[in-house]
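The values are calculated or read from the model by the stated rules, or taken from the named source; none is laboratory data. The structure displayed is predicted, hence computed values, not measured ones. All Cβ positions, even for glycine, are placed from backbone atoms using ideal geometry, and neighbour counts span all protein chains on display.
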Amino acid sequence: MSDQYPQYPQQPHDPQVPGQPDGYGQPRGYGQQPPQEQAYRMPPTTMSPQDERTWGAISHAGAVVAMICSAGFLGFIASIAVYVIHKDRGPFVRSHAANSINIQISMFIWLVVATIVYVVLSILTLGIGFVVLLPIFLVPLVIAGVLHVIGAVKAYNGEWWNPPLTPAFVK
């Protein structure tokens, strides 16, 4: 009887198993990544038409909710989030998310113009410009809200739509 254990064939080198040596004879520790040539990225998959319609509607509806919760200042966050995450997954969701961002940019421009008008009216009328403060700032917010609601309904119904009075800053 032999005191030796049977010899098994040597297993092939697996660089992802901790404790086994890497290509340079050094043991691989826990948490180390495999070599770059083994890692790859999967391309984004396309969405179903129903998912595109849903995310297109969310880009508009999310902007309205964010505008309401932040008094009109953070509506762009939902629009940008949907655009950045889903722009490569379908042309319909990309179009509606871009339209949502364009509405937000247009609203910002109108608010800047409204601020200038308010300051000029306040200076010229010696403070009576305060009376026009509310309409000057609410009109762009209401118009943007209405455009977003129309966009959300059109996106959910699967209709292509370009908002009126809105230049295409993002395409």
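Pairs under 7 Å by beta carbon, first residue farther than 22 Å from H96 by Cα in the range 38-52, partner of a type in the set (F, W, Y) and at pLDDT 55 or above, six or more apart or different chains? Cβ pairs passing all conditions: none. The set of residues from the range 62-96 being at pLDDT 85 or above, hydroxyl-bearing (S, T, Y) and either in contact with a Phe, Trp or Tyr (Cβ under 7 Å, 6 or more places away or on another chain) or surrounded by fewer than 23 Cβ atoms within 10 Å (Cβ to Cβ) (or both) comprises Y83, S95. The set of residues from the range 137-149 being surrounded by fewer than 19 Cβ atoms within 10 Å (Cβ to Cβ) and more than 20 Å from the chain's Cα centre (by Cα) comprises F137, L138, V139, V142, I143, V146. Scanning the range 78-92 for residues that are without any contact (Cβ under 8 Å) to a residue 60 or more places away in the chain and either farther than 24 Å from I136 by Cβ or out of contact with any helix residue (DSSP H, G or I) (no Cβ under 9 Å at 6 or more places or on another chain) (or both) yields A78, I80, A81, V82, V84, I85, H86, K87, D88, R89, G90, P91. Scanning the range 110-120 turns up at least one residue that is over 20 Å from V146 (Cα atoms) and modelled with pLDDT of 85 or more.
As a summary of the residue check, S59 satisfies the conditions (1) buried (at least 24 other Cβ atoms within 10 Å of the Cβ); (2) within 23 Å of F137 (Cβ to Cβ); (3) among the hydroxyl-bearing types (S, T, Y) except for the one numbered (2). Only a single item in (1) crowded, with 16+ Cβ neighbours inside 10 Å; (2) modelled with pLDDT under 90 is not met by N99, and it is number (2). For the residues E52, E37, the requirement of being modelled with pLDDT under 85 and of a type in the set (D, E, K, R) singles out E37. Can you name the residue in the range 121-130 that is modelled with pLDDT under 75 and either surrounded by 12 or more Cβ atoms within 10 Å (Cβ to Cβ) or touching a Ser or Thr at 6+ places or on another chain (Cβ under 6 Å) (or both) and is also nearest to H60 (Cα to Cα) among such residues? Only one residue tops the list, namely G129.
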